[in-house]
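Below: one structure, written as structure tokens.
The values are calculated or read from the model by the stated rules, or taken from the named source; none is laboratory data. In this text the structure is predicted, and so the values were computed from the model without any measurement. Neighbour counts run over all protein chains shown; Cβ positions are idealised from the backbone, glycine included. Heavy atoms of the whole protein, side chains included, go into the accessibility calculation; ligands, DNA and RNA do not. Shrake-Rupley method; radii C 1.70, N 1.55, O 1.52, S 1.80 Å.
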Amino acid sequence: MGKVGSSAIHATVAAELDRPSIQCHRVTKAGLRASDEWHRRHGTGTKANVAGPSLHWLFAKARDGRKTDIICGVRDPIARDVSAAFQNGQRFGLFDVERPTLSKGDIESIQSYIIKFCESTLSVETWFDNELKPATGIDVWESSFDDAKGYQTYENDRCRVLLLRFENLQSIFSEAFEDFFSVPGVTLQDRNIGSQKNYSTLYRQFKEEAKFPSSVLDSAYSSRYSQHFYTPTEIAGFRSQWFDATLCDT
């Protein structure tokens, strides 16, 4: 799943471990077809969206009894979609990085894009059923998530999966990395961070000013995904950031 810190995690794993590693967002045939279609339609492409077949090679190499280690993440679904919108927004004409601020119209256009065109809040939920489970046999819904730690390890006879919560990534990464790989003292590398890109000022303004209709927030935060990985208090905090009472649906 993209926009959950995967670039930084992959860079750190590649630097710290002497073993093959890849970054991918999709691995199933259906997921790869959907990704290819989206990128052909929009004339884009990233290594993270074409490296999925390489994971099958890693699985094949693990047939000698060694398990494949996989790291994935979750994130506030609205924040994730906002991050994705800014990743692609300049290409789609949603904003101009040469302008110092976003106009009201810019903010409304980006909000409309997020609501209509970005991956829906349901897609982050179905990613575990449509991508992770078919590839690994691991069902993250079968056990509760450790809210206090901010990460969880899942394991079967083929794979080990480390699932990290984006909001806790900086504070828990070293501990989680040591628990999973038995390598202490590792610091997460900086990669693909919106606050450091050429649109960082506009990105910060949008996060401060943008609000979403209650129906959008209800869909995002009543989902199995949000309810499973976040506490009611955390969800209330997310809602308060993106909620405006004047946008309540009638």
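The set of residues in segment 133-151 that are closer than 13 Å to ARG224 by Cα, assigned to a helix (DSSP H, G or I), of a type outside the set (Asp, Glu) and over 17 Å from the mean Cα position of the chain (by Cα) contains only TRP141.
With respect to ASN192, is the statement that it is at pLDDT below 90, more than 26 Å from LYS104 (Cα to Cα), open to solvent by 60 Å² or more (accessible area, probe 1.4 Å) and out of contact with any Leu (no Cβ under 9 Å at 6 or more places or on another chain) true? Answer is yes for this residue.
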